[in-house]
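J.: Have a look at this one.
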Amino acid sequence: MSLHPFARRRFMSLMLAAPFWGSALMADAESSAEALITEFGARPDGATINTKAIQAAIDHLASRRGGTVVIPQGTFVSGALFFKPQVNLHLRAGAVLQCSTDMANFPAQRTRIEGHFEEKFNPALINATNCDGFQLTGEGTLDGAGRPIWDLFWKLRNASPARGNFPNVGVPRARLALIESSRDVKIEGITFKDSQFWNLHIYNCDGVAVSKTRFEVPDDYKQAPSTDGIDLDSSRNVTIDGCFFSVTDDCIAAKGSKGPHAMKDTDSPPVEHIRIRNCVYKRGGGVLTLGSEATIVRDVVVENCRIIGNVRIATLKLRPDTPQHYEDITFRNITSEATASAILSVQPWSQYANLQGEAPPQSVVRNLSFIGIKGHYTAFGTIRPNPGQTEISNISFKDFDVVLQQEKLAASGVKGLTFENVIVNGQPQSA
């Protein structure tokens, strides 16, 4: 059996310690192997396109029962990389894996994006499909090098007659990571920086833990388009713990399908059993956003989080063309240490709506709770249905101590709106 030098050293040390373990040790040695990308020809000069070298390291480990691809200190530029089962990625301190800005290094293919499979759009920098147990760890950085791509997007959008309806997929650009149809995924310690498009896209996964991870765009860039931090697309049993968000789109978004037939879309199971805790939010469209494309989102708890910038707590987008069920969503112990945006926005969103000639679908929002909200916000917010389409019920606010510039909740079309111990600007408030 031929082993890569890194695997061979691990194998020999285990065999010397306990030679009688035989084949079990051999399997352990191979699965715990490491492949340093510089040993496969990768160069940390910030210019060389290292896609082939890094993919060779991935393929080498995949052929030997798996292991971990290691990115050492330095800046390694790459195009799309495709991970295989049992192969993980670790970025050491000072390691930067940077996106090429030449989209020829991200050749268009069929990929999941914005609620459906786009036949021709760019893959991500990191792509892991059917990779149960995939791990993306370390103290290093995934760098999208997004600024020239953002500039191009705004140039083309501003020149387009569509303007506000200019499609997000109208400009070729790469996400930083797409984890797809995988179980028991671990993402820890990584910094996602300057993504050209979404940062971390988790699609149809079950059992994902994202911890101590940062999502950032430069403070001096006003609106880096579509730089969502984490997109939870048709996934379940996800925990997001101790992460930092400073982006200019949704910090965390729950996504699914869209359009009048969305409930029949078997590619888009519900987003459910989500736990978000101990996170810090500096910039972004919202602590949690439901939509722009989403069908069923349920059993979500966001708790023990801090807002240190102008970030809304909750955004529920109500598409007039999509049947949506948002239920059992709780925000608990959220504190704004700056002047955050409005606490919540539950209202129609029709930027890309298309009924496709069908009758307007019916939607439900129910069992939405806000508990232990503190600090400064610009406004209480808005709850407003799509007329004749949205049933909104059982919305509760409890244990508030907030300072608001606009202290009244603008609510209409709600059944079962309750206030308990809600203090606004030092005064108790009722529904």
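The values are calculated or read from the model by the stated rules, or taken from the named source; none is laboratory data. No experiment lies behind these values; they were computed from the predicted model shown. No Cβ is skipped: glycine too gets one built from the backbone with ideal geometry, and neighbour counts run over all protein chains shown. Just so you know, the surface numbers come from the protein's heavy atoms only, side chains and all, with ligands and any DNA or RNA stripped out. Shrake-Rupley method; radii C 1.70, N 1.55, O 1.52, S 1.80 Å.
Yes/no matrix, rows are residues, columns are (1) open to solvent by 20 Å² or more (accessible area, probe 1.4 Å); (2) more than 22 Å from ALA431 (Cβ to Cβ); (3) in contact with a Ser or Thr (Cβ under 7 Å, 6 or more places away or on another chain):
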{"residue": "VAL287", "(1), (2), (3)": "no, yes, no"}
{"residue": "SER292", "(1), (2), (3)": "no, yes, no"}
{"residue": "PRO361", "(1), (2), (3)": "no, yes, yes"}
{"residue": "VAL365", "(1), (2), (3)": "no, no, yes"}
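J.: Of all the strands (runs of 3 or more DSSP E) wholly in the stretch 335-431, which have at least 2 residues that are in contact (Cβ under 8 Å) with a residue 60 or more places away in the chain and under 28 Å from the mean Cα position of the chain (by Cα)? Spell out the reasoning first.
T.: Working: elements: 344-348, 363-379, 381-383, 390-406, 414-424.
Once the strands (runs of 3 or more DSSP E) in the stretch 335-431 are filtered for at least 2 residues that are in contact (Cβ under 8 Å) with a residue 60 or more places away in the chain and under 28 Å from the mean Cα position of the chain (by Cα), what remains is 363-379.
J.: Sticking with this one: Inside the stretch 103-116, can you point out the residues that are assigned to a loop (DSSP other than H, G, I, E, B) and in contact (Cβ under 8 Å) with a residue 40 or more places away in the chain?
T.: If we filter the stretch 103-116 for residues that are assigned to a loop (DSSP other than H, G, I, E, B), which is where we start, we get 106-108, 114-115.
Within the stretch 103-116, PHE106, ALA108, GLU114, GLY115 meet the criteria.
J.: How many of the residues in the stretch 253-269 are under 27 Å from GLN196 (Cα atoms) and in contact with an Asp or Glu (Cβ under 9 Å, 6 or more places away or on another chain)?
T.: Of the residues in the stretch 253-269, 8 are under 27 Å from GLN196 (Cα atoms) and in contact with an Asp or Glu (Cβ under 9 Å, 6 or more places away or on another chain).
J.: Okay, next question. It is to be established whether one or more residues within the stretch 345-352 are surrounded by 15 or more Cβ atoms within 10 Å (Cβ to Cβ) and more than 30 Å from PHE166 (Cβ to Cβ). Please lay out each step first, then the result.
T.: If we filter the stretch 345-352 for residues that are surrounded by 15 or more Cβ atoms within 10 Å (Cβ to Cβ), which is where we start, we get 345-349, 352.
Narrowing further to those that are more than 30 Å from PHE166 (Cβ to Cβ): none.
Checking the stretch 345-352: not a single residue is surrounded by 15 or more Cβ atoms within 10 Å (Cβ to Cβ) and more than 30 Å from PHE166 (Cβ to Cβ).
J.: Out of the stretch 113-138, which residues are in contact with a strand residue (DSSP E or B) (Cβ under 7 Å, 6 or more places away or on another chain), of a type outside the set (Val, Ile, Thr) and within 24 Å of ALA62 (Cα to Cα)?
T.: Those that are in contact with a strand residue (DSSP E or B) (Cβ under 7 Å, 6 or more places away or on another chain), of a type outside the set (Val, Ile, Thr) and within 24 Å of ALA62 (Cα to Cα): PRO123, ALA124, LEU125, ASN127, ALA128, CYS131, ASP132, GLY133, PHE134, GLN135, LEU136, GLY138.
J.: Still on this structure: Given the criterion farther than 20 Å from ILE276 by Cα and among the hydroxyl-bearing types (Ser, Thr, Tyr), identify the matching residue among SER369, SER412. Let's see the steps before the verdict.
T.: Values: SER369 fails: farther than 20 Å from ILE276 by Cα.
Only one candidate qualifies: SER412.
J.: Also: Against the definition (buried (at least 23 other Cβ atoms within 10 Å of the Cβ), assigned to a strand (DSSP E or B) and of a type outside the set (Ser, Thr, Tyr)), how does VAL301 come out, yes or no? Let's see the steps before the verdict.
T.: Numbers: buried (at least 23 other Cβ atoms within 10 Å of the Cβ): no; assigned to a strand (DSSP E or B): yes; of a type outside the set (Ser, Thr, Tyr): yes.
Spelling it out, it is not the case that VAL301 is buried (at least 23 other Cβ atoms within 10 Å of the Cβ), assigned to a strand (DSSP E or B) and of a type outside the set (Ser, Thr, Tyr).
J.: For residues that are within 18 Å of the chain's Cα centre (by Cα) and closer than 22 Å to ILE371 by Cβ, scanning just the stretch 308-324, find the one that is surrounded by the fewest Cβ atoms within 10 Å (Cβ to Cβ).
T.: Quick first cut of the stretch 308-324, residues within 18 Å of the chain's Cα centre (by Cα) only: 311-317.
This time we only want the ones that are closer than 22 Å to ILE371 by Cβ, so: 311-316.
Numbers: VAL311: 24, ARG312: 25, ILE313: 24, ALA314: 22, THR315: 24, LEU316: 25.
Among them, the one singled out is ALA314.
J.: What pairs can you find where one residue is in the stretch 243-255 and in contact (Cβ under 8 Å) with a residue 12 or more places away in the chain and closer than 15 Å to VAL217 by Cα, the other is surrounded by fewer than 24 Cβ atoms within 10 Å (Cβ to Cβ) and acidic (Asp, Glu), and their Cβ atoms are less than 6 Å apart, with a gap of 6+ or different chains?
T.: What qualifies is SER246/GLU216.
J.: Right, another one. Taking the condition of being hydrophobic (A, V, I, L, M, F, W, C) and over 23 Å from THR111 (Cβ atoms), how many residues in the stretch 144-189 meet it? Before the answer, list the steps.
T.: Restricting attention to the stretch 144-189, the residues satisfying the condition of being hydrophobic (A, V, I, L, M, F, W, C) are 145, 149-150, 152-154, 156, 159, 162, 166, 169, 171, 174, 176-179, 185, 187.
Restricting the remaining residues to those that are over 23 Å from THR111 (Cβ atoms) gives 154, 159.
The number of residues fulfilling the criteria is 2.
J.: Right, another one. Could you grab me the full set of residues in the stretch 325-344 that are open to solvent by 20 Å² or more (accessible area, probe 1.4 Å) and of a type in the set (S, T, N, Q)? So that I can check it myself, show each step before the final result.
T.: Our first condition is that a residue be open to solvent by 20 Å² or more (accessible area, probe 1.4 Å); within the stretch 325-344, this holds for 325, 327-328, 330, 332-333, 335, 337-339, 341.
Result: THR330, ASN333, THR335, THR339, SER341.
J.: Here is a list of conditions, (1) touching a residue at least 40 places away in the same chain (Cβ under 8 Å); (2) open to solvent by 10 Å² or more (accessible area, probe 1.4 Å); (3) not in a loop (DSSP other than H, G, I, E, B), and ILE274 meets all of them except one; can you say which number that is?
T.: The one condition ILE274 does not meet is (2).
J.: Ok, one more. Looking only at residues in the stretch 144-169 that are in contact with a strand residue (DSSP E or B) (Cβ under 7 Å, 6 or more places away or on another chain) and within 29 Å of ASP206 (Cβ to Cβ), which one is modelled with the highest pLDDT? Steps first, answer last, please.
T.: Initially, the stretch 144-169 is screened for residues in contact with a strand residue (DSSP E or B) (Cβ under 7 Å, 6 or more places away or on another chain), giving 144-145, 169.
This time we only want the ones that are within 29 Å of ASP206 (Cβ to Cβ), so: 144, 169.
Working: GLY144: 98, VAL169: 94.
Among those residues, the one meeting the criterion is GLY144.
J.: Separate question: GLY413 passes all but one of (1) modelled with pLDDT of 95 or more; (2) within 30 Å of ALA162 (Cβ to Cβ); which number fails?
T.: Going through (1) modelled with pLDDT of 95 or more; (2) within 30 Å of ALA162 (Cβ to Cβ) one by one, GLY413 breaks only (2).
J.: Same structure, new question: Taking ARG183 as meeting all but one of (1) over 14 Å from SER235 (Cβ atoms); (2) open to solvent by 30 Å² or more (accessible area, probe 1.4 Å), write down the number of the exception.
T.: (1)
J.: Hey, ASP220 hits all of (1) farther than 23 Å from GLU139 by Cα; (2) without any contact (Cβ under 8 Å) to a residue 40 or more places away in the chain; (3) touching a strand residue (DSSP E or B) at 6+ places or on another chain (Cβ under 8 Å) but one; which does it fall short on?
T.: Result: ASP220 fails condition (3) only.
J.: Could you list, in sequence order, all residues of the stretch 117-157 that are surrounded by 24 or more Cβ atoms within 10 Å (Cβ to Cβ), without any contact (Cβ under 8 Å) to a residue 60 or more places away in the chain and either in a helix (DSSP H, G or I) or touching an Asp or Glu at 6+ places or on another chain (Cβ under 6 Å) (or both)?
T.: GLY144
J.: Just one of the numbered conditions (1) surrounded by fewer than 16 Cβ atoms within 10 Å (Cβ to Cβ); (2) within 25 Å of LYS255 (Cβ to Cβ); (3) polar (S, T, N, Q) is not true of SER430; which one?
T.: Here SER430 clears every test but (2).
J.: State yes or no: is ASP250 closer than 18 Å to ASN278 by Cα, in contact with an Asp or Glu (Cβ under 9 Å, 6 or more places away or on another chain) and outside any strand (DSSP E or B)? Working first, answer last.
T.: Details: closer than 18 Å to ASN278 by Cα: yes; in contact with an Asp or Glu (Cβ under 9 Å, 6 or more places away or on another chain): yes; outside any strand (DSSP E or B): yes.
Here the answer is yes, as ASP250 does meet what is asked.
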